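Accompanying notes for the structure given below.
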Amino acid sequence: SMDDKRDEKLVFKFINRGDERYLLEHLEMVKEKVDITKIFDRSGYSPLHFAAFKNQEKICTVLCEHTLRMNSNT
C-alpha cells in the first residue's frame, strides 16, 4: 500500500539524515509491517547498505540490533 511505501521511504530518509533517534522510533512503530532486510531504495540499496554507504556507523549498529531483536522474537 501507499502507507507501506511511505514508511519504507522514511527509513531511508532518517538514515540519510543520520537521525538515530527518529529512526529507532520509526522502526519500532512499523516493525509489524516493514522488514528492513527486504526493502530497497531506488538505487537498490537495503537500509544497511545505504547506512554503510553514508558512513553512518551508529545507524548500521541500530539496524543490525533491530534485525536481531526482530529475529529473536520468533
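Some points to look at:
- Hits in segment 1-30 - residues which are modelled with pLDDT under 95 and within 21 Å of N71 (Cα to Cα): D4
- The residue of segment 1-29 that is nearest to L63 (Cα to Cα), among those that are touching a His at 6+ places or on another chain (Cβ under 8 Å) and either open to solvent by 30 Å² or more (accessible area, probe 1.4 Å) or among the charged types (D, E, K, R) (or both), is L24.
- Filtered residues of segment 30-43 (kept if in contact (Cβ under 8 Å) with a residue 12 or more places away in the chain and either assigned to a loop (DSSP other than H, G, I, E, B) or open to solvent by 100 Å² or more (accessible area, probe 1.4 Å) (or both)): K31, K33, V34, D35, I36, T37, I39, D41
- Close pairs (9 angstrom Cβ cut-off, 6 or more residues apart or separate chains): within 11 Å of V34 (Cα to Cα) in segment 1-13, open to solvent by 50 Å² or more (accessible area, probe 1.4 Å) and outside any helix (DSSP H, G or I) anywhere: D3/K33; D4/K33; D7/K33; E8/F40
- Of the set (1) modelled with pLDDT under 95; (2) in contact with an Asp or Glu (Cβ under 9 Å, 6 or more places away or on another chain); (3) open to solvent by 100 Å² or more (accessible area, probe 1.4 Å), all apply to M70 but (3).
- Counting only residues that are of a type in the set (G, A, S) and within 18 Å of R69 (Cβ to Cβ), segment 31-52 holds 2 of them.
- Scanning segment 1-38 for residues that are of a type in the set (D, E) and closer than 21 Å to K54 by Cα yields D7, E8, D19, E20, E25, D35.
- Residue in segment 53-67 that is in a helix (DSSP H, G or I), aromatic (F, W, Y) and open to solvent by less than 100 Å² (accessible area, probe 1.4 Å) present: no
- Filter result (of a type in the set (V, I, T), within 9 Å of the chain's Cα centre (by Cα) and more than 14 Å from K5 (Cα to Cα)) within segment 30-66: T37, I59, V62
The values are calculated or read from the model by the stated rules, or taken from the named source; none is laboratory data. Computed from a predicted model, the values in this text were never measured in an experiment. Don't worry about glycine lacking a Cβ; one is built from the backbone with ideal geometry, like all the others, and counts go over all protein chains shown. Just so you know, the surface numbers come from the protein's heavy atoms only, side chains and all, with ligands and any DNA or RNA stripped out. Shrake-Rupley method; radii C 1.70, N 1.55, O 1.52, S 1.80 Å.
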